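Below is one structure, written out as structure tokens; the observations come after it.
Coordinate-derived values only; no laboratory data. Every value quoted in this text rests on a predicted model; they were computed, and no experiment measured them. We place every Cβ from the backbone using ideal geometry, glycine too, and count neighbours over all the protein chains shown.
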Amino acid sequence: MALEDEAQVSEAQIAVHWREEEYYQPPTKFIGQANASDPEILERFGEDRFPECFKDYADLLTWDHYWHTTLDTSNPPFWKWFVGGRLNASYNCVDRHLKRDPNKAALVWVPEPEEELTQAITYRELYQRVNEFAALLQGFCGTETGDRVTFHLPMVPELPVAMLACARLGVVHSQVFGGFSGAACGGRIADSQSRILVTMDGYYRNGELVDHKVKADEAVERAREEGVEVEKVLVWRRHPGQYASKSPMVPGRDFFVDEVMPDYRGKLVDPVSMPAEAPLFIMYSSGTTGRPKGCQHSTGGYLAYVAGTSKYYQDIHPEDTYWCAADIGWITGHSYIVYGPLALGTTSVMYEGVPTYPDAGRPWRIAERLGVNIFHTAPTTIRMLRKLGPDEPAKYDYHFKHMTTVGEPIEPEVWRWYYDVVGKGEAAIVDTWWQTENGGFLGSTLPALQPMKPGSCGPGVLGIYPVIYDEEGNEVEAGSGKAGNICIRNPWPGIFQTIWGDPDRFVSTYYEKYCRDRDSKDWHDWPYFANDGAMQAADGYFRILGRVDDVINVAGHRLGTKELESAAVMVEEIAEAAAVPVVDEMRGRAVEMYVALKPGVAPSKEVEDKVARMIETEIGKIARPKNVWIVPDMPKTRSGKIMRRVIAGISNFTDVGDTSTLANPEVVEDIREHVQGEKTARGEVPKELSAKDQEEIRQFGQAE
Ligand code: WTA
């Protein structure tokens, strides 16, 4: 649908110009072995079976006491699941698998240096390590059930060990992504009031042994400024006995774990039987504005939800070798590297480093060597691998039955490369839409039962009933071609319980907008507002447009950044694209595109024109970019998300804000020189922006 043909869209709706994509049917071989291959499962999770349908997930766990109430809605929107039940998450992920298969690998850890040996950690060995670390936390640190402990750990096996040790004690863990700064970690320590910080001296990233301990000192300092005193810093050593950091150990505060551990060798600690609604962990949302939100996840509901979705959507069987290439510092890693796969007793692979180190064939070598048959990653990694090694997958003899994409919308062109080249046409793909707040998947296809459609996540998952509302709370119909705000009408077991220490913000951010009656105890009156824009096709599949403020309003037409970017990557020379607004006197905003080229392609005016033409054809004249900037690389966060506000700041000659959390801060100056130099030469330097415009540019692409 071209824009010109369309009636004027209201501010409440986002015009949508996606082309409908063809379905891909799941491979027959996959269907034959899938955990969910009988369509009857869809009925079992029908709305008339809610909330009892989730017993199916809870029964995947071992309970010390079975629950009496599936869902308690007496204090909306603070839902309680499986009330009366008691269980221990560590027991469920470790101990209970010992009876069946103690010597099977629970974790396989691949260090970044390719010459360093891979470590397989059996369930038996994991049991020992978890017990020993739990004993150390208890004996050496005096932690008690209900305390919080912060980790600032890289992708090493010590991280899942530490998580499961806390879970064993009923201690709430809070892992801060290893790539975050010491200050960011310190703020989170203070917010969660942790007295203990667990860190590591260093880790490998892109061929270098990074000094990580130095961040612990900054973190402790920052926490102190915010009123929280860290009593002990436990430092694992990447190479035990050899200290990899320049930062001195502070006597009485800092301790090497490998030196303290001998006192706890062989010790066992009974798993503490926790109420289903006891908090299991806090995960700070990756939101880049405002104070980070500590999303508090429950023990029973969360674990049941990740076990159930791992089984049916990741199609994990105990005999699979499953590799989720996310970082455990994000929710994806918590749910789908650690808790979900281990609850099901499978083998979960972890990789320390950068997927393209030392070259873009690395992931496929790992897959071949370890016999990985389920692969899980994000569009940013897929785009990077497509850019740097488009022909690499074919060189390796691995076979995936199943693949996942998660974290942002995937452009259909990129999806097809993933399917054809990475998956060799043999794998079912799930595009899973969800959030740090949600515990597990919200939108996805059931891999053996529902066909795939590139760029769409699919319908709501089992037991999740999404709806799209406009700004006034009217339902936007499926197939209407209009987008709006996607909400979930019902509670589900994986939903976070609250924002740590800030229940009012929990209510105001996620529930206030569409709540029908603040006094109602009926969950129907409390839809969950995901803060994402989406549209629903006639077949019920959702296409996620990204956070609601990732929209560029050109002369009243609201253009989703993702659809602009999808059109740009349809140009064969383009590897990656980002759309940003520039303030425009005539139209309010105009679009500017930043594009990175595939290797071997030289920048040219011709490529720029191709991008502009493609956007014009795919979306409409109004979307034609004012400028197309070819850049060597996009400024990205360490989790791989493009920081659109940084390039928006460059395009508008405004402050780019803090760039210290970028994975590649050095590209910012290069891009600025190039773009602003050209713009100055062309006489495109804007007049002083109004405060409101400045604020909008500063906030662009970073909703709460
Ligand atoms: C976006 C990651 C499109 C969305 C699990 C969401 C997606 C935010 C998808 C959450 C997907 C996540 N398709 N968009 N499959 N998955 N998103 O908290 O905007 O790091 O709100 O959780 O990523 O990111 P978060």
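With +1 assigned to the C-beta of every Lys and Arg and -1 to the C-beta of every Asp and Glu, and no other charges, what is the dipole magnitude of the chain about the Cα centre in debye, to the nearest 20?
Using only the charged Cβ atoms, the result is roughly 1140 debye.
If you place +1 on the Cβ of every Lys and Arg and -1 on the Cβ of every Asp and Glu, how big does the dipole about the Cα centre of region 605-672 come out, in debye to the nearest 20?
300 debye
Compute log10 of I(q)/I(0) for region 356-500 with the Debye formula, placing one identical point scatterer on every Cα and leaving out solvent, at q = 0.09, 0.14, 0.15 Å⁻¹, to two decimals.
-0.34, -0.75, -0.83
Counting only residues 5 or more places away or on other chains, whose amide H sits under 5 Å from the amide H of residue 256 once H atoms are built in the peptide plane?
Long-range HN contacts for residue 256: 235.
Taking the Cα atoms only, what angle lies between the long axis of helix 158-169 and the longest principal axis of the chain, rounded to 10 degrees?
60 degrees
Testing the spin-label approximation: label points 7 Å from Cα along Cα→Cβ at residue 539 and residue 260. State their distance in nm.
A separation of 5.5 nm, rounded to one decimal place.
May I ask for the angle, rounded to the nearest 10°, between helix 123-139 and the longest principal axis of the chain, with both axes built from Cα atoms and the value confined to 0 to 90°?
80 degrees
In whole Hz and in residue order, list the ³J(HN,Hα) couplings for region 250-261 that follow from phi through the Karplus curve 6.51 cos²θ - 1.76 cosθ + 1.60, θ = phi - 60°; x for Gly and Pro.
The phi angles translate into 8, x, x, 10, 9, 9, 6, 4, 5, 8, 7, 4 Hz.
With the dipole of region 303-444 worked out from charges on the C-beta (+1 for Lys and Arg, -1 for Asp and Glu) around the Cα centre, which of 410, 343, 363 lies farthest toward the positive end?
363
Would you mind checking which residues have amide H under 5 Å from residue 498's amide H? H placed 1.01 Å from N; only 5 or more apart, or other chain.
296
Could you pull out every residue, at least 5 positions away or on a different chain, whose amide H is within less than 5 Å of the one on residue 350? Hs are placed 1.01 Å off N in the peptide plane, and Pro or chain starts have none.
Amide H neighbours of residue 350: 108, 109, 110.
Please list, in order along region 423-434, the HN-Hα scalar couplings obtained from phi with the Karplus expression 6.51 cos²θ - 1.76 cosθ + 1.60 (θ = phi - 60°), rounded to whole Hz, x for Gly and Pro.
My calculation for region 423-434 gives x, 6, x, 9, 10, 7, 10, 10, 9, 9, 9, 5 Hz in order.
I'd like the Karplus ³J(HN,Hα) series for region 475-491: coefficients 6.51, -1.76, 1.60, θ = phi - 60°, whole numbers in Hz, and an x wherever there's a Gly or Pro.
3J(HN,Hα) across region 475-491, in whole Hz: 6, 8, 5, 4, x, 6, x, 10, 10, x, 9, 7, 10, 10, 6, 10, x.
Calculate the length of the line joining the C-alpha centroid of region 94-147 to that of region 430-461, in whole Å.
31 Å
If you line up the long axis of helix 666-681 against the longest principal axis of the chain, both from Cα atoms, how many degrees apart are they, to the nearest 10?
10 degrees
To the nearest 20 Debye, how big is the dipole of region 259-343 about its Cα centre, given +1 on the beta carbon of each Lys and Arg and -1 on that of each Asp and Glu?
300 debye
Among 536, 560, 526, pick out the residue whose Cα is farthest towards the positive end of the charge dipole of region 506-578, where Lys and Arg carry +1 and Asp and Glu carry -1 on C-beta, about the Cα centre.
Positive-end residue among those listed: 526.
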